[in-house]
Amino acid sequence: MATVLAIAGSVRTKSFNQMLLRAATELAPAGLTVEAASIHDIPLYNGDLEAESGPPAPVAALKDRIARADGVLLVTPEYNNSLPGVFKNAIDWTSRPSADIARVWGGRPVGVIGATPGSGGTGLAQAAWLPVLRTLGTLPFFGARVQVAHAGKVFDEHGALIDATVRAQLEKYMAGFASFVARLAR
Ligand code: FNR
């Protein structure tokens, strides 16, 4: 049984990306467990804080969860045609100290999906993650895409995925990502 840690890059109560994460969990194929992680408790990166006492406890916990997972799924909003600072802040913390990057991220399969109420589907945010994933030495999954546009119509008021086309795309994505993870798991 492989385990994927899914991290949503929004802390908003009614976050579409948290809804997408939940749907990804529900549509994961047999043999893949998807666990959710939150960036809610991650403070702003501060080099003074790191120098004094190392990564704060929520950062250390997130790093350990990533290191234990067979793969990571980033569920990203798009801000200003790029990735959200709050999300990158959390991932930046997980890259500290840099001597620990290989343990936490090195060779780890990583997928990126995202949702927006706009028409672009987070394609620019997903592309903006690529230099980060390369720098961390991950193995990005390119076998499928989930770029959810018009998210207000794709999820209902309870956060359930109600769009059949997106459901099929997400199911296909999770099946492909599960195979990728199984093939590459360390
Ligand atoms: C946005 N939003 C947005 N959407 C998009 O598709 N492309 C973009 O470039 C931007 N830019 C942007 C900048 C900032 C500062 C904010 C706050 C928002 C809208 C964004 O997709 C929307 O707020 C989503 O609902 C955010 O994701 P969650 O919180 O629903 O997961």
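The values are calculated or read from the model by the stated rules, or taken from the named source; none is laboratory data. Please read all numbers here as calculations on a predicted model, not as lab measurements. Positions of Cβ are backbone-derived with ideal geometry, glycine not excepted, and every protein chain shown enters the neighbour counts. Surface areas here come from the heavy atoms of the whole protein model, side chains and all, with no ligands, DNA or RNA. Shrake-Rupley method; radii C 1.70, N 1.55, O 1.52, S 1.80 Å.
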Flag for VAL181 being closer than 14 Å to PRO77 by Cβ and modelled with pLDDT of 95 or more: no
Some residue of the stretch 6-20 being touching a residue at least 12 places away in the same chain (Cβ under 8 Å), loosely packed, with under 15 Cβ neighbours inside 10 Å and within 19 Å of VAL181 (Cβ to Cβ): no
When every residue in the stretch 129-148 that is over 13 Å from the mean Cα position of the chain (by Cα) and among the hydrophobic types (A, V, I, L, M, F, W, C) is compared, the one nearest to the ligand (Cβ to nearest atom) is VAL148
From the list GLU52, GLU35, GLU78, which residue is over 21 Å from PRO140 (Cα atoms) and not small (Gly, Ala, Ser)? GLU52
Scanning the stretch 21-33 residue by residue, those within 27 Å of PRO56 (Cβ to Cβ) and open to solvent by less than 20 Å² (accessible area, probe 1.4 Å) turn out to be LEU21
Just need a number here: residues in the stretch 164-174 that are crowded, with 16+ Cβ neighbours inside 10 Å and more than 16 Å from the chain's Cα centre (by Cα). 3
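When the residues of the stretch 58-105 are filtered to those that are assigned to a strand (DSSP E or B) and within 16 Å of the ligand (Cβ to nearest atom), which remaining residue is most open to solvent (accessible area, probe 1.4 Å)? Give the steps one after another, and end with the answer.
Quick first cut of the stretch 58-105, residues assigned to a strand (DSSP E or B) only: 71-75, 79, 82.
If we keep only those that are within 16 Å of the ligand (Cβ to nearest atom) as well, we get 73-75, 79, 82.
Numbers: LEU73: 0, LEU74: 1, VAL75: 0, TYR79: 114, SER82: 42 Å².
Step by step, filter the stretch 58-105, then rank; the result is TYR79.
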Given (1) within 18 Å of THR76 (Cβ to Cβ); (2) open to solvent by 30 Å² or more (accessible area, probe 1.4 Å); (3) within 16 Å of the ligand (Cβ to nearest atom), ALA151 misses just (2)
Checking the conditions here, which among THR25, THR13 is within 16 Å of the ligand (Cβ to nearest atom), of a type in the set (S, T, N, Q), at pLDDT 95 or above and assigned to a loop (DSSP other than H, G, I, E, B)? THR13
Exactly one condition in (1) within 16 Å of the chain's Cα centre (by Cα); (2) crowded, with 19+ Cβ neighbours inside 10 Å is not met by PRO55; state its number. (1)
Give me a count of the residues in the stretch 28-54 that are within 12 Å of VAL86 (Cα to Cα) and either part of a helix (DSSP H, G or I) or within 13 Å of the ligand (Cβ to nearest atom) (or both). 3
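When you go through GLY143, GLY137 one by one, which is the residue that is closer than 19 Å to ARG108 by Cα and either assigned to a helix (DSSP H, G or I) or open to solvent by 40 Å² or more (accessible area, probe 1.4 Å) (or both)?
Testing whether each residue is closer than 19 Å to ARG108 by Cα and either assigned to a helix (DSSP H, G or I) or open to solvent by 40 Å² or more (accessible area, probe 1.4 Å) (or both) leaves just GLY143.
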